[in-house]
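A short reminder: the numbers here are calculations on the coordinates, not readings from a lab. Computed from a predicted model, the values in this text were never measured in an experiment. No Cβ is skipped: glycine too gets one built from the backbone with ideal geometry, and neighbour counts run over all protein chains shown.
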Amino acid sequence: MIFTIAYKELRMLFLSPLAWILLAFSQIVLTWVFLGRLDAFLEIQPQLMQIANPPGVTEIIVSPVFAIAAIVLLMVTPLLTMRLVAEERRNNTLALLISAPISITSIVLGKFFSLLVFFCIVIGLILALCISLLAGGALDFGLLLSGAVGLFLLVACYAALGLYVSSLTAQPVIAAIGALGVLLGFWIMDLMASDLDGWMLYFSLFKHFEQFNYGLIDTFSIGYFILFMSFFLAITIRRMDGERVQA
């Protein structure tokens, strides 16, 4: 049932122009960043050849692209999550959905997985862009895979948080603004966190993502991402289960 709901949500998403616009927007921005980094790499390549163990294309081009993708998807996610619950509540279809003989967990996870599929498409296109560098050089596939996994975990956290905010209101615009505000709060926390110490360092989504983007697969960061997702999915399920009881 989870996959049935996910398929339905994904189909509705791609039937609307919003998904295609956001997909095109993200790829245009990331391609522009990719080409800019490539141009910068070609300019400094003669100097790099004079250094022992110089950084390669993966460090100079791919890692910054993943870092920019984290910010771009932060802006894109609220526009995707706003419709998942808030729009159904506004259109009076949510009451029919939660009254159906389907568990609330299946409904929430189905909507969540549909977003993950969309993000997998975005990350897949980024990987295809990066793999094109093989035409003129070598890639560090370990660092490339680490960055992709980190980005996936990060956007999954975005989706879980956005889904919860969407469950709190019947106005998609308010849901989008609320989710964006919370995600920007985490970004500000990242800017305020010290590189060496500080309690905010442990709660910053982006600091944990940076570990992956540097090629460091940290079990603490993995655990943090999983707990973050699980927490917001659990309170979303609890919120919608309360609506079912009241209905």
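Considering all projection directions equally, how large on average is the shadow of the alpha-carbon convex hull of the range 58-203, in square nanometres? It would help to have the intermediate numbers written out before the result.
Numbers: hull surface 41.7 nm².
In nm², the orientation-averaged hull projection of the range 58-203 is 10.4.
So between residue 173 and residue 203, what do we pick up on full extension, going 0.36 nm a residue minus the alpha carbon distance? Walk me through the intermediate numbers first.
Details: separation 30, 0.36 × 30 = 10.80 nm, distance 2.71 nm.
Taking 0.36 nm per residue and subtracting the Cα distance, the gain is 8.1 nm.
With r defined as the distance between the Cβ atoms of residue 220 and residue 145 and R0 fixed at 22 Å, what FRET efficiency is calculated, to the nearest 0.05? Each step should come with its number before you reach the end.
Details: r = 19 Å, r/R0 = 0.87.
So, using R0 = 22 Å, E works out to roughly 0.70.
Arrange the peptides 133-146, 105-118 so that the one whose residues have, on average, the most other Cβ atoms within 10 Å appears first. Walk me through the intermediate numbers first.
Values: 133-146: 14.1, 105-118: 21.1.
Result, highest mean Cβ count within 10 Å first: 105-118, 133-146.
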- In nanometres, what is the gap between the two model label sites at residue 51 and residue 100, each 7 Å from Cα along Cα-to-Cβ? 5.6
- Query: Which one is right for this structure if volume of the Cα convex hull per residue in Å³ is calculated from it: [x] 134; [y] 151; [z] 119?
  - Reply: [x]
- Query: In nm, to one decimal, how far is the modelled label at residue 24 from the one at residue 125, with both set 7 Å along Cα→Cβ?
  - Reply: 1.0
- Against the rule of thumb 2.2 N^0.38 Å, how large the Cα Rg of the range 113-189 comes out: 1.40
- Message: At R0 = 25 Å, how high is the FRET efficiency between residue 32 and residue 135 if r is their beta carbon distance? Nearest 0.05 is fine.
- Response: 0.80
- Query: How high is the FRET efficiency from residue 1 to residue 42, r the C-beta distance, R0 45 Å, rounded to 0.05?
  - Reply: 0.30
